[in-house]
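Q: The structure is given below, and queries will be raised subsequently.
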Amino acid sequence: MLITRRHFAGAALGLSLMPTLARAQGARFADVLAAARGQTVFWNAWGGDERTNAFIAWLGQESQRRFGVTITHVRLRDTAEAVTRVVAEKQAGRLTGGSVDLIWINGPNLLAMKAQGLLHGPFVETLPNWGLVDTVNKPSTVTDFTVPVEGMAAPWRMAQVAFVYDAARTPLAGLPKSMAAMVGWARAHPGRLTHPNARNFLGATFLKQALMELAVDRERLGREATESEFAANTAPLWDWYDQLRPHLWRQGREFPESGPAQRQMLNDGEIDMLISFNPAEAAVAIANRLLPSTARAYVLAGGTIGNTSFVAIPFNASHKEGAMVIANMLLEPAIQARAQDPRHLGSFTVIDLDRLSPGERQHFADLSAVPALPTNAELGRPLPEPHPSWMTRITAVWEQRVVR
């Protein structure tokens, strides 16, 4: 069976989807397509964001129309729920016919499933669109939180630290371009900077970003933190934070509990900038009327931490072929561009735009008309996440220092 343009006749909502499976690797993926038809993929994914839910629902319509594959979105409060389910099935001897076909996953949950042999694969190199993924300038597409993914999960959306401000009242030229420079800026603008509580991942990320810049040995952050090395590498972080904290909002005695709470403070004029793990934060907030149209985002001069969200297939998934079709669709250029569009998700692409045809690149060029959305070039090469052990320890030490 040859994979031809007729497999890609048309696309909903004006998307001129290129026949990307024409890049297929012969009959191997054609067999996957044939076996997938009629399958229902139970995609376990966080259900706390209506825009993401709507994107998955739209993708399900596309996959059903084009490939006969249905998506049932199992909405999770925490990815660990799906991981726990797969663990329980393995312990019960349910080695086939599992209840989870696909998981949106990254970080500790992905590492735990990989370490316990709970993943199907490697499978990503069999995906026709895998060749579009930028594995050089976006190394987190193949290494998640310092651990090689080894083809056991397919990337589909990027996240990267950015700082959001209101250009109408705070010119970019005057904002700090490094974490070290934030001390002087906060001193000159007391109470105009804060960060979420470090028990929230954004608060911990604020500290991690500073650690990446200030650590004595940045390369050491890629390995598990030992007691002595943790103390040595975080000493500059705590010195920096002790200088910064008195100039934070409410003198660093209180902190917003979440990203949305921090965003509301920016909207209300209580602070002048906020940290986000989404470079499209400003554009998405404008689209949802949560920030003024003058909101903008920028990254630090030395780069900012980034990571990748993946989809993984459990070892005992009932519908592995359907799950692979969905994973491959998520890497199609037009679908990646739709995901990056702040009117839909605002999630930056995992693919290398230089590998696309002019028509495919145009999907992303069209997004340049959104003034609050940074370009892929402006984001630069993301910095790798430290090993998870650093974040865990930093959060614990921050709590000890703040409550003392």
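The values are calculated or read from the model by the stated rules, or taken from the named source; none is laboratory data. Keep in mind the model is a prediction, meaning the values are calculated, not measured. So basically every Cβ, Gly included, is an ideal-geometry build from the backbone, and we count neighbours across all protein chains shown. Surface accessibility is based on the protein's heavy atoms, side chains included, excluding ligands, DNA and RNA. Shrake-Rupley method; radii C 1.70, N 1.55, O 1.52, S 1.80 Å.
Q: So, Ser318, is that one modelled with pLDDT under 90, among the polar types (S, T, N, Q) and either within 30 Å of Glu89 (Cα to Cα) or surrounded by 20 or more Cβ atoms within 10 Å (Cβ to Cβ) (or both) or not?
A: The answer is no for Ser318.
Q: Additional query: Kindly provide the set of residues from segment 263-281 that are surrounded by fewer than 21 Cβ atoms within 10 Å (Cβ to Cβ), assigned to a helix (DSSP H, G or I) and touching a residue at least 60 places away in the same chain (Cβ under 8 Å), ordered by number.
A: Across segment 263-281, the qualifying residue is only Met265.
Q: Continuing with this model, one more query. Could you check how many residues of segment 179-207 are at pLDDT 95 or above and among the basic types (Lys, Arg)?
A: Selection size over segment 179-207: 2.
Q: Sticking with this one: Could you say whether any residue in segment 232-250 is at positive phi, part of a helix (DSSP H, G or I) and out of contact with any His (no Cβ under 9 Å at 6 or more places or on another chain)?
A: There is at least one residue in segment 232-250 that is at positive phi, part of a helix (DSSP H, G or I) and out of contact with any His (no Cβ under 9 Å at 6 or more places or on another chain).
Q: Only residues that are modelled with pLDDT of 95 or more, part of a strand (DSSP E or B) and under 23 Å from the mean Cα position of the chain (by Cα): list them for segment 159-178, please.
A: Ala162, Phe163, Val164, Tyr165
Q: Looking at Leu214, Leu274, Leu244, which is the one that is aliphatic (A, V, I, L, M) and over 19 Å from Val299 (Cβ atoms)?
A: Among Leu214, Leu274, Leu244, only Leu244 is aliphatic (A, V, I, L, M) and over 19 Å from Val299 (Cβ atoms).
Q: Among the listed residues Gly121, Gly203, identify the single one that is buried (at least 17 other Cβ atoms within 10 Å of the Cβ), assigned to a helix (DSSP H, G or I), in contact (Cβ under 8 Å) with a residue 40 or more places away in the chain and not hydrophobic (A, V, I, L, M, F, W, C).
A: Every option except Gly203 fails the conditions.
Q: Conditions first: (1) surrounded by fewer than 23 Cβ atoms within 10 Å (Cβ to Cβ); (2) closer than 30 Å to Arg94 by Cα. Pro260 passes all but one, so which condition is the exception?
A: Every listed condition holds for Pro260 apart from (2).
Q: I've got another one for you. Considering only residues that are farther than 30 Å from Pro386 by Cα and aliphatic (A, V, I, L, M), look in segment 89-114 and name the one that is least open to solvent (accessible area, probe 1.4 Å).
A: Ala92
Q: From the list Val350, Val403, Val370, Val325, which one is over 30 Å from Arg37 (Cβ atoms), open to solvent by less than 50 Å² (accessible area, probe 1.4 Å) and of a type in the set (Val, Ile, Thr)?
A: The match here is Val370.
Q: Give all pairs with beta carbons closer than 6 Å in which a residue from segment 214-242 that is open to solvent by 60 Å² or more (accessible area, probe 1.4 Å) meets a residue that is at pLDDT below 90 and not charged (D, E, K, R); count only pairs at least 6 apart in sequence or on separate chains.
A: Arg223/His387; Glu224/His387; Glu224/Ser389
Q: From the list Ala159, Ala181, Ala198, Ala154, which one is of a type outside the set (Ser, Thr, Tyr) and out of contact with any Phe, Trp or Tyr (no Cβ under 8 Å at 6 or more places or on another chain)?
A: After ruling out the rest, the residue left standing is Ala181.
Q: Same structure again: Under 9 Å between Cβ atoms, which residue pairs at least 6 apart in sequence (or on different chains) link something in segment 361-389 that is at positive phi with a partner that is part of a loop (DSSP other than H, G, I, E, B) and buried (at least 19 other Cβ atoms within 10 Å of the Cβ)?
A: Gly380/Val299; Gly380/Thr304
Q: Something else now. Out of Asn109, Asn53, which single residue is without any contact (Cβ under 8 Å) to a residue 60 or more places away in the chain and touching a Ser or Thr at 6+ places or on another chain (Cβ under 8 Å)?
A: Of the residues listed, the single one that is without any contact (Cβ under 8 Å) to a residue 60 or more places away in the chain and touching a Ser or Thr at 6+ places or on another chain (Cβ under 8 Å) is Asn109.
Q: Shifting gears a bit: On the basis of being at pLDDT 95 or above, small (Gly, Ala, Ser) and not in a loop (DSSP other than H, G, I, E, B), does Ala30 make the cut?
A: no
Q: I'd like the residue in segment 331-372 that is over 15 Å from Leu132 (Cβ atoms) and hydrophobic (A, V, I, L, M, F, W, C) and, out of all such residues, is nearest to the chain's Cα centre (by Cα).
A: Leu345
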